[in-house]
């Protein structure tokens with residue numbers, strides 16, 4: 001009988017537990033909504049209740065975890081959560097191991113998503129693969145020769161904190177979902193007649209989801225925001241390219257839902273920032289696994305670390 005594994009994603013707004021096989025194929029998906037107000041303790045109670053239902057029937061051989069923040073990947077201890085109080089210095093690996101009675105391996109969620117996309121998603125066949133997630137924040141991960149590249153602890157490829165200027169503007173402040181949301185919200189005042197401004201509801205939040213539709217309408221304001229975002233992201237990725245020369249860069253996270261206009265915009269802008277010998281530069285692709293990127297990567301992580 002084939003062994004089963006758990007792939008767990010713990011983020012600031014999302015909690016997923018997937019059951020998969022030895023090929024990282026997902027057989028069950030369990031998604032829970034995080035209440036940030038309940039802190040890390042509330043999330044742990046949710047995980048505990050879910051695992052109590054899942055583990056007796058699955059009996060996993062191991063679990064992999066993608067956590068939304070810096071972690072000590074060798075011990076499973078959380079260094080810090082930038083979004084939820086109560087995770088700092090928590091020994092997540094040990095706590096989960098007691099819940100499932102099997103080995104648990106923890107890494108940063110962007111690293112884990114990078115592993116999933118590199119082996120089972122858009123990056124299949126490419127090496128190295130760099131993954132950037134454009135969500136509530138901006139994170140990154142580098143997969144080299146089929147494994148996550150870790151530098152000195154805590155070992156994340158923090159593309160979101162790469163500076164775009166000497167004044168301290170970072171990639172995350174320009175290219176995260178909340179940053180793009182804010183620029184779109186500003187259109188209500190600066191360009192209220194634009195198609196994009198007309199799509200916005202009264203309550204703030206999630207404005208970037210309208211960007212693709214506004215682009216299809218040929219809205220100039222939407223095109224300007226896309227161009228600015230693509231250029232800023234490409235500038236940050238030019239440093240990744242000059243340092244690591246990945247064969248492929250995969251764009252993931254909620255903002256990657258804009259699709260081909262964002263991919264093409266980043267591809268074109270990146271060429272203008274690269275030294276001539278590196279041209280035409282890495283292939284730029286959209287993530288293929290969607291919401292499964294972290295869980296699938298976590299399933300792969302569990303097996304890889306178990307075999308190591």
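The values are calculated or read from the model by the stated rules, or taken from the named source; none is laboratory data. Nothing here was measured: the structure is a model prediction, and the numbers come from that model. Neighbour counts are summed over all protein chains in view; Cβ atoms, including those assigned to glycine, are modelled from backbone coordinates with ideal geometry.
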Next on the checklist: Return the residues of segment 216-226 that are in a helix (DSSP H, G or I) and either outside the structural domain of residue 178 (by TED's automatic domain parsing) or without any contact (Cβ under 8 Å) to a residue 40 or more places away in the chain (or both); say none if nothing qualifies.
Outcome noted: 216, 220, 221, 222, 223, 224, 226
Checklist entry - Can you name the residue in segment 180-195 that is closer than 23 Å to residue 252 by Cβ and in contact with a helix residue (DSSP H, G or I) (Cβ under 6 Å, 6 or more places away or on another chain) and is also surrounded by the fewest Cβ atoms within 10 Å (Cβ to Cβ) among such residues? => result 183
Next on the checklist: Return the residues of segment 263-282 that are within 16 Å of residue 122 (Cα to Cα) and surrounded by 17 or more Cβ atoms within 10 Å (Cβ to Cβ); say none if nothing qualifies.
Outcome noted: 263, 267, 282
Checklist entry - Across segment 89-102, what is the total count of residues that are within 14 Å of residue 43 (Cα to Cα) and in a loop (DSSP other than H, G, I, E, B)? => result 1
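A quick yes/no check of all residues on (1) more than 16 Å from residue 297 (Cα to Cα); (2) surrounded by 18 or more Cβ atoms within 10 Å (Cβ to Cβ); (3) modelled with pLDDT under 95:
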position	(1), (2), (3)
2	yes, no, yes
5	no, yes, no
62	no, yes, no
70	yes, yes, yes
Checklist entry - Does segment 30-49 contain at least one residue that is touching a strand residue (DSSP E or B) at 6+ places or on another chain (Cβ under 6 Å), outside any loop (DSSP other than H, G, I, E, B) and surrounded by fewer than 14 Cβ atoms within 10 Å (Cβ to Cβ)? => result yes
Checklist outcome for this item: Scanning segment 210-245 residue by residue, those surrounded by 22 or more Cβ atoms within 10 Å (Cβ to Cβ) and more than 17 Å from residue 190 (Cα to Cα) turn out to be 229, 230, 233, 234, 236, 237
Item to check | Residues satisfying the stated conditions in segment 155-186, i.e. touching a residue at least 40 places away in the same chain (Cβ under 8 Å), farther than 18 Å from residue 230 by Cβ and in contact with a strand residue (DSSP E or B) (Cβ under 6 Å, 6 or more places away or on another chain) | outcome: 156, 157
Next on the checklist: When you check residue 255 against the structure, is it modelled with pLDDT of 95 or more, touching a helix residue (DSSP H, G or I) at 6+ places or on another chain (Cβ under 6 Å) and either closer than 29 Å to residue 118 by Cβ or in the same structural domain as residue 111 (by TED's automatic domain parsing) (or both), yes or no?
Outcome noted: yes
Item to check | Which listed residue, of 172, 156, 207, is modelled with pLDDT under 95, buried (at least 16 other Cβ atoms within 10 Å of the Cβ) and in contact with a helix residue (DSSP H, G or I) (Cβ under 7 Å, 6 or more places away or on another chain) | outcome: 156
Checklist entry - How many residues are crowded, with 20+ Cβ neighbours inside 10 Å and assigned to a helix (DSSP H, G or I) if we restrict to segment 246-255? => result 1
Checklist entry - Looking at segment 120-146, which of its residues are more than 10 Å from the chain's Cα centre (by Cα), crowded, with 19+ Cβ neighbours inside 10 Å and not in a loop (DSSP other than H, G, I, E, B)? => result 120, 129, 130, 142, 143
